[in-house]
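One structure below.
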Amino acid sequence: MLRARLKAETYCSSGIDMSLIPPRKIRDIEAYLILNKPVLKPGEEAKIHVLVSGSGEGRMHIMVYDDEKTIFNGDITVGGSLIADIIPYDTPSSPGAYKVYLKIGDIVVDELTYMVYDAGEKPKPKNLALVWHHHQAPNYLPDGVIHGPWAFIYTYGSSLKPYGDAPYRYHAQMLQKHRDYHATYNLSPSLIKQWDTAVKHGVVFATGEKIDPGSEKAKLIEETMNMYKDAYKRGQIDVLTSIYAHTIGGFLIDVLGLSDIVRDEVKYGVSVTREVLGITPLGAWTPEMAFSMEMIDVYYDNGIEYTILDDKCHFEMAEGEKTTSYEPYVALNKESGKHIVVYFRDHELSDVLSFKNNFTSEAHAWRNAYEVSLLIARKIMGMPGRILTLALDGENWMVFAGNPPLTALYFDKLLLFLESLSDEGVLRLTNLREVYEELPATRILMKIPTNTWLCTFRKWRGEKEEHEEYWLKVVDTYMKIRAYESLVKGRDPYSEKARWALWHALDSDYWWAEFWSPKIIKTWLNESLRYIDERLKGIQIKDVKIPGKPMTNTPLTLIVEVMNTLETPVKAVVKVSCPSRNCVSEKEFEAPGRTSTSIPVEITVGEAGLIPFSVVIQADSYMISSFIKEIEIYPSIPSNPR
């Protein structure tokens, strides 16, 4: 018989604090309590489950009790089933929070809280909106070769075995298994674009491996996509779109002035969601929750009605008709009159799901699933508003956990507990399309700060020494694109390809300090410049000529010879300057394609001598070509008196 020859000093918690309930180990045995559901009716018979995990077999003496009485005092069998025993238990008759305890020897190894909820007094249930962000960067090179396989192996891989396959597929399977579970999924455009490419055309990895159309892997990817489509069609989920390459939009707009990049990527993201999934998105995921008030207009103009931001990093500093973050709000740009609805996620609870997931055993995972469901129930029952939004990555909390397979077990159990809360009328599991249609926002916010879910942009600009150097490269590349487009009077196939490449360099995953990827950023910036630099070199100053004898304080005409080797006419500015005060002049010109054009520029110089003149061609305030010409300026002599 396996007895607890244990004293207080033998009880150990492993020191891991990356789970809500830390591991409760006595030597090689973990033991916990859970109830069949975290919220019960007064006087309802509950089922106390004693969970035991560890090596060895035999009998172990335990005591289960509450604050008034002993519920069970006896031996249980260890080493067989995960559930060592199920003990009937009548809940108290009065609503409130109660505890039951598990004792082994003289050590209390678990303390379990549950709620008694008076069904006769419960109001209309409040909404729980789980929002899962499924995203992978566009992890292909300019030639289409896949340099990062995550979009695929997180779909058909085996990282969650034996409880599941891989995160993206497992989420879809949970939607099939738990039909009362409603949620919102951001299937990021760069993720589903890679899925779609693999299914229709196949992909090649940098390692030489392939996914061929019609292969088993391609079929699993297609089947996974179809499961999400089906869940959307039956109204179980809403599907969000996003900025195509997941850049930090608020930073690009407010700091770098790249609002057209963000606008283009949102438009393209919407089109990818529509074309790949057949879904016209109502909502958008704001990557890294990097918001700016200018994004309201971008979303509005692309048919986006809502997004999700953070209660701590956005709502607390927002301005307007604020009450509680557990309500939907209209975010209004008062200058344009455009607006969207914003749902603010609960930062603290979202982080619990994101980061408190290092489980040591099946029993430990199950116990934590219970505790999280209890936290959610208590938040729902005590909050003043009508909707609790939890938003986080859909895959990373699973694959980056210490023991990824146990997160799959945990997720399944968590959904069971949440469904029990729904059955009890404590909450309503919902997606944000349902909330948008049924729960109108009535209060207006006039200002939401430019910020991220981390309450700072330093993760993408500041934590790595090279960040600043590469952001300067980004701005320079963008200015070259804008200069070229100004030169040729609009966008053309060259600038569109350059913009496409620039999008990829801006994906936030590549700038995240811990995943800093300068080689990928540089590859895409070079690809962008490949389309622009040679085109800009097609406009050159060949010579500067001066007819006549130049004199001080007399208008001087410089003839600037400009060669346009491009096939298209161009429009730019010639700017002439010299060291003398106020010695500057500029002139706008147009030059036909494949011709040399003479442009006269008049300037007045107040000093005599050998003067260096700087002659440049500018487009959109960016210098394209430059030329230095030294000119001998002679002093002017006044006219004869008579």
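The values are calculated or read from the model by the stated rules, or taken from the named source; none is laboratory data. Everything quoted here is computed from the prediction, not taken from an experiment. All Cβ positions, even for glycine, are placed from backbone atoms using ideal geometry, and neighbour counts span all protein chains on display. Accessible surface areas use protein heavy atoms only, side chains included; no ligands, DNA or RNA. Shrake-Rupley method; radii C 1.70, N 1.55, O 1.52, S 1.80 Å.
For segment 592-609, 3J(HN,Hα) computed residue by residue from phi via the Karplus equation (6.51, -1.76, 1.60; θ = phi - 60°) reads x, x, 6, 9, 9, 10, 9, 10, x, 10, 9, 8, 10, 10, x, 10, 9, x Hz, glycine and proline entered as x. For Arg378, the solvent-accessible surface computed with a 1.4 Å probe is close to 110 Å², ligands and nucleic acids excluded. Taken about its Cα centre, segment 165-209 carries a charge dipole of roughly 120 debye when the Cβ of each Lys and Arg holds +1 and the Cβ of each Asp and Glu holds -1. Separation of segment 599-642 and segment 210-238, taken as the distance between their Cα centroids, equals 67 angstrom. Looking at Leu277, Gly249, Ser259, which one has the Cα that reaches farthest to the positive end of the dipole of segment 230-289 (charges on Cβ: Lys, Arg +1; Asp, Glu -1)? Ranked along the dipole, the leading option is Leu277. Applying the Karplus relation 6.51 cos²θ - 1.76 cosθ + 1.60 with θ = phi - 60° to segment 201-208 yields 3J(HN,Hα) values of 10, x, 9, 10, 8, 4, 6, x Hz, where x marks Gly and Pro. With a cut-off of 12 Å between beta carbons, the residues surrounding Thr323 carry a summed charge of +1, where Lys and Arg count +1 and Asp and Glu -1.
Under a model in which nothing but the beta-carbon of Lys, Arg (+1) and Asp, Glu (-1) is charged, segment 298-379 shows a dipole of about 220 debye around its Cα centre.
Only helices enter this figure: runs of n ≥ 4 DSSP H residues, each worth -39500 (n - 2.57), summed and divided by the residues of the chain, yield -9500 deg cm²/dmol at 222 nm to the nearest 500. Take each peptide in 28-35, 173-180, count the other Cβ atoms within 10 Å of every residue, and average; sorted highest first, the result is 28-35, 173-180. Under a model in which nothing but the beta-carbon of Lys, Arg (+1) and Asp, Glu (-1) is charged, the chain shows a dipole of about 800 debye around its Cα centre.
Just the protein heavy atoms count here, and of the accessible area of segment 252-393 at 1.4 Å, carbon and sulfur take up 46 percent.
Close amide H contacts of Ile611 (hydrogens built in the peptide plane, cut-off under 5 Å, sequence separation of 5 or more or a different chain): Ile631, Glu632, Ile633.
Under 10 Å from the Cβ of Glu496, count the other residues' Cβ atoms, weight Lys and Arg +1, Asp and Glu -1, and hand me the total. Around Glu496, the charge tally is 0. Quick one: go through segment 433-459 and flag any residue whose amide nitrogen is under 11 Å from the point 7 Å out along the Cα-to-Cβ line of Val255. Taking a point 7 Å out along Cα→Cβ of Val255, the residues of segment 433-459 whose backbone N falls under 11 Å are 451-452, 456-459. Take every Cα pair under 8 Å whose residues are at least 6 apart in sequence, average their separation, divide by the length of the chain, and the relative contact order is 12 percent. Per-residue accessible area (protein heavy atoms, 1.4 Å probe) orders His364, His182 as His182, His364, starting from the largest.
The mean accessible area for residues of the chain, using a 1.4 Å probe and ignoring ligands and nucleic acids, is 42 Å² per residue. Each residue of segment 555-564 is assigned a 3J(HN,Hα), and the resulting list reads x, 10, 9, 9, 9, 9, 8, 10, 9, 10 Hz, derived from the Karplus form 6.51 cos²θ - 1.76 cosθ + 1.60 (θ = phi - 60°), x at Gly and Pro. Counting pairs of alpha carbon atoms under 8 Å apart in space and at least six apart in sequence, what relative contact order in percent does segment 171-275 give? Reported as a whole number, the value is 34 percent.
What is the angle, in °, between the Cα long axis of helix 404-423 and the longest principal axis of the Cα atoms in the chain? Nearest 10 is fine, range 0 to 90. Tilt relative to the chain: about 70 degrees. Of the labelled figures [x] 30; [y] 20; [z] 41, only one reflects percent of Cα pairs over 49 Å apart as derived from the coordinates, namely [x]. Given a 1.4 Å probe and the protein chains as shown, Lys522 ends up with an accessible area of around 100 Å². Rolling a 1.4 angstrom probe over segment 106-207 with all protein chains present gives an accessible area of which 52% lies on carbon and sulfur atoms. Computed over protein heavy atoms with a 1.4 angstrom probe, the accessible surface ordering of Glu348, Glu222, Glu68, largest first, is Glu68, Glu348, Glu222.
For segment 448-487, the list of GluC sites (Glu not before Pro) that fall in a loop by DSSP and count at most 12 other C-beta atoms within 10 angstrom reads Glu465, Glu466. The modelled label-to-label distance for the pair Val108/Lys334, using points 7 Å beyond Cα in the direction of Cβ, is 5.4 nm. Here Glu630 and Met317 are evaluated by their C-beta separation; at R0 = 41 Å the FRET efficiency comes out at 0.10.
The angle between the Cα long axis of helix 493-505 and the main principal axis of the chain comes to about 40°, on a 0 to 90 degree scale.
Summing charges over neighbours of Phe400, with a neighbour being any other residue whose Cβ is under 15 Å away from its Cβ, gives -4 when K and R count +1 and D and E count -1.
The Rg/Rh ratio for segment 592-642 is 1.14, where Rg is the radius of gyration of the alpha carbons and Rh is the Kirkwood radius.
Mean projected area of the Cα convex hull of segment 542-633, taken over all directions, amounts to 5.5 nm². Set the Förster distance to 51 Å, then compute FRET efficiency between Ile444 and Val145 from the Cβ-Cβ distance, nearest 0.05. Computed FRET efficiency for Ile444 and Val145: 0.60. What is the helix-to-structure angle for 518-536, meaning the angle in degrees between its Cα long axis and the longest Cα principal axis of the chain, kept from 0 to 90 and rounded to the nearest 10? In the chain, helix 518-536 runs at an angle near 30 degrees to the longest axis.
With the convex hull of its Cα atoms as the shape, segment 426-523 has an orientation-averaged projected area of 11.2 nm². Rolling a 1.4 angstrom probe over segment 563-614 with all protein chains present gives an accessible area of which 47% lies on carbon and sulfur atoms.
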